[in-house]
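Accompanying notes for the structure given below.
Derivation of every value follows stated rules applied to the coordinates shown; laboratory data play no part. The structure presented is a predicted model; accordingly, all values stated were derived computationally and were not measured. Quick reminder, even Gly has a Cβ in these numbers, built from the backbone with ideal geometry, and neighbours come from all protein chains shown.
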Amino acid sequence: MKKSIFVLLIIAQVFFYSCGEDDKVAEKIAKIDVNVEVLRFDQEFAKTTAENLNTIKNKYPYLFPQQFSDSIWFAKIKDTIQLELNKEVQKVFPDFDKETEDLTSLFKHIKYYFPNFETPKVVTLTSDVRYASRVILADSLLLIGLDNYLGKDHKFYAGFQNYIATSLDKQFLVSDVASEFSAGVLPKQIGRTFIEQIIYYGKELYLKDKLLPFETEAQRIGYTPEQLEWAQVNEEQIWRYFVERELLYSTDKQLQPRFLDPAPFSKFQLELDSESPGRTGRYIGWQIVRAFMSNNEVTVQQMLNIPAEEIFKKSNYKPLR
């Protein structure tokens, strides 16, 4: 009995110490000064006329490639599809206040972990629903295609597969920005083996844990709450599948589309496939990196450059049962 009480006391001390450290970090982050400038190019372009086209071109030269003549832009201004895009974006984003608040928080967290980070200028626009490049972060500029965040049931997405349409929601906007930043600080080489690949994505998701504590786990990985619950409930079975079929050190290129790429479901080639979300390999990599960081005293920046094999061996990862 005394031993049980002693163990509980130790656990309680660790818990409260951890909470205290988290509170200190949160206080430091809150004090970081970040000024986010948002330019609503989408709204400005919607009001553009032939008379003021040069004014907006001078303000946003990077959005008007020189090889295109003004006639192209005049046609675009009057194009019925563009007019419809402007109208629908305005309905969902009449203002950008909540998103600006969340981006400010994200940039503060980035600045805390990466002090040399320079806050980019944010420009919102329409992109003809190019969802594959819905967010572009280039040095001091962040471009966000708002027509990619109108909600999964929007008429623009009627012909899309459900797993794609589900991701086209403004709840994932800031998470997408965090992913874009993470891609810039992660090592460029993903690795050839499956374990290297899942840990690469696990590093990205762990970084998002730190940069987006104000968002849900489902938002960080781009799942619905139901998909996240499925992954959590079936974590042990997923891991067992990978181990028993000796996939961890496989270099089979088909593992990427089966378990890592965005997809309607993961391809275990079992009856449960249709119930599973896509990218379950990324989810497992996330849990491995979380276990590693819990068991090792390293900084986030150091973790990003530690080889996948070392992270795996030192994680002592054991899936939830």
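Could you work out the per residue convex hull volume over the alpha carbons of the range 194-315, in cubic angstrom? Before the final figure, lay out each step's value.
Numbers: hull volume 12.4 nm³, N = 122.
Once divided by residue count, the hull of the range 194-315 is 102 Å³.
Which entries of Lys28/Lys98; Lys91/Lys253; Lys152/Lys210; Lys108/Lys318 show an alpha-carbon separation above 31 angstrom in the structure shown? Intermediate values should be presented prior to the final figure.
Values: Lys28/Lys98 22 Å; Lys91/Lys253 43 Å; Lys152/Lys210 27 Å; Lys108/Lys318 33 Å.
The answer is Lys91/Lys253; Lys108/Lys318.
Quick one: 3J(HN,Hα) in Hz for the range 97-104, Karplus 6.51/-1.76/1.60 with θ = phi - 60°, rounded, Gly and Pro as x.
5, 5, 5, 5, 4, 5, 5, 4
Assigning unit charges at the beta carbon (Lys, Arg +1; Asp, Glu -1) and nothing else, what dipole magnitude in debye, to the nearest 20, does the chain show about its Cα centre? Walk me through the numbers before you get to the answer.
Working: 40 positive and 45 negative charges, 115 e Å.
For the chain, the charge dipole is close to 560 debye.
At a threshold of 8 angstrom on Cα-Cα distance, excluding pairs fewer than six apart, so keeping six or more, what relative contact order does the range 194-315 reach in percent? Could the numbers behind the result be given before it?
Details: 138 pairs, mean separation 44.0, N = 122.
Taking the mean separation of contacting Cα pairs over the length of the range 194-315, I get 36 percent.
For the range 36-126, state which chymotrypsin sites (Phe, Trp or Tyr not before Pro) are in a DSSP loop and have at most 10 other beta carbons lying within 10 Å of their beta carbon. Could you put the intermediate results ahead of the total?
On the way: sites: Phe41, Phe45, Tyr62, Phe68, Trp73, Phe74, Phe96, Phe107, Tyr112, Tyr113, Phe117; in loops: Phe68, Phe96, Phe117.
Listed in order of number, the matching sites are Phe68.
Say R0 is 41 Å: what FRET efficiency, to the nearest 0.05, do Asp97 and Asp252 get from their beta-carbon distance? Please list the in-between numbers first.
Numbers: r = 47 Å, r/R0 = 1.15.
My answer for the efficiency is 0.30.
Taking every DSSP beta bridge with both residues inside the chain, roughly what % is antiparallel (nearest 5)? Intermediate values should be presented prior to the final figure.
Working: 5 of 13 bridges.
Percent antiparallel among DSSP bridges in the chain is about 40.
State, as an integer percentage, the relative contact order of the range 38-185 based on alpha-carbon contacts under 8 Å between residues 6 or more apart. Walk me through the numbers on the way to the answer.
Working: 146 pairs, mean separation 32.8, N = 148.
Worked out over the range 38-185, it gives 22 percent.
So if we plug the beta-carbon distance of Val298 and Ala138 into 1/(1 + (r/R0)^6) with R0 = 35 Å, what FRET efficiency do we get, rounded to 0.05? Can you show the working numbers first?
Working: r = 30 Å, r/R0 = 0.85.
Efficiency computed from Cβ-Cβ geometry: 0.75.
Excluding residues fewer than 8 places away in the same chain, name every one of the lysines whose C-alpha is closer than 18 Å to that of Lys57.
Qualifying lysines at Cα under 18 Å: Lys47, Lys76, Lys78, Lys121.
Nearest 500 deg cm²/dmol is fine: what mean residue ellipticity at 222 nm does the chain get from its DSSP H runs of n ≥ 4 alone, each adding -39,500 (n - 2.57), divided by its residue count? Don't jump to the answer; show the numbers that get you there.
Values: 16 runs with 177 residues, N = 321.
Rounded to the nearest 500, the figure is -16500 deg cm²/dmol.
Quick one: compute a quarter of the convex hull surface over the Cα atoms of the range 202-261 and quote it in nm².
Values: hull surface 18.9 nm².
Average of the hull's projected areas for the range 202-261 equals 4.7 nm².
Determine, for Thr251, Thr280, Thr166, the number of other Cβ atoms within 10 Å of each Cβ, and report the residues in order from fewest to most. Mind dumping the intermediate values first?
Numbers: Thr251 11, Thr280 27, Thr166 20.
By the 10 Å Cβ count, ascending, the order reads Thr251, Thr166, Thr280.
Measuring from a point 7 Å past the Cα of Glu51 along Cα-to-C-beta, which residues in the range 57-90 have an amide N at less than 16 Å?
It comes to no residues whatsoever.
Starting at the first residue of the range 22-35, write each ³J(HN,Hα) from the Karplus equation 6.51 cos²θ - 1.76 cosθ + 1.60 with θ = phi - 60°, in whole Hz, x for Gly and Pro.
For the range 22-35, the Karplus curve yields 4, 5, 5, 4, 4, 5, 5, 5, 4, 7, 5, 8, 9, 10 Hz.
Mind checking the full-extension length gain between Leu186 and Gln269? Use 0.36 nm per residue of separation minus the Cα-Cα distance, one decimal, nm. Kindly include the intermediate steps, with their values, before the conclusion.
Numbers: separation 83, 0.36 × 83 = 29.88 nm, distance 3.13 nm.
Here the answer is 26.7 nm.
Got the relative contact order for the chain handy, in percent, Cα pairs under 8 Å and 6 or more residues apart? Intermediate results must be reported in sequence, preceding the final value.
Details: 376 pairs, mean separation 45.4, N = 321.
Computed value for the chain: 14 percent relative contact order.
Please list, or write none, the aspartates and glutamates whose alpha carbon is within less than 14 Å of the alpha carbon of Lys155, excluding same-chain residues fewer than 8 places away.
In chain and number order, the partners are Glu84, Glu88, Asp128, Asp147, Asp169.
Quick check on the range 38-185: of the DSSP beta bridges with both residues there, what percent are antiparallel, nearest 5%? Don't jump to the answer; show the numbers that get you there.
Working: 5 of 13 bridges.
Once the DSSP bridges in the range 38-185 are tallied, antiparallel ones form about 40 percent.
Starting from the Kirkwood Rh over alpha-carbon pairs, what translational D in µm² s⁻¹ does the chain have by Stokes-Einstein at 10 °C and 1.306 mPa s?
Values: Rh = 22.0 Å.
Rounded, D is 72 µm²/s.
Work out the length of the dipole vector of the range 271-321 about its Cα centre, built from +1 on the beta-carbon of each Lys and Arg and -1 on the beta-carbon of each Asp and Glu, and round it to the nearest 20 debye.
180 debye
Out of the range 237-279, which chymotrypsin sites (Phe, Trp or Tyr not before Pro) are coil in DSSP terms and have no more than 12 other C-beta atoms within 10 Å?
Details: sites: Trp239, Tyr241, Phe242, Tyr249, Phe259, Phe265, Phe268; in loops: Tyr249, Phe265, Phe268.
Answer in residue order: Tyr249.
Along the principal axes of its C-alpha atoms, what lengths does the range 38-185 span, in descending order and rounded to whole Å?
Computed over the Cα atoms, the extents are 46, 37, 27 Å.
Straight-line reach from Lys111: which aspartates and glutamates have Cα under 12 Å away, leaving out those fewer than 8 places along the same chain?
Within the straight-line cut-off, Lys111 pairs with Asp33.
Measuring from the lowest to the highest alpha carbon on each principal axis, how far does the range 71-146 reach, largest first, in angstroms?
On the principal axes, the range 71-146 reaches 45, 25, 20 Å in Cα extent.
Apply the Karplus curve 6.51 cos²θ - 1.76 cosθ + 1.60, θ = phi - 60°, to the phi angles in the range 127-134 and return the couplings in whole Hz, x for Gly and Pro.
So the Karplus estimates, Gly and Pro as x, are 10, 6, 6, 8, 5, 5, 10, 6 Hz.
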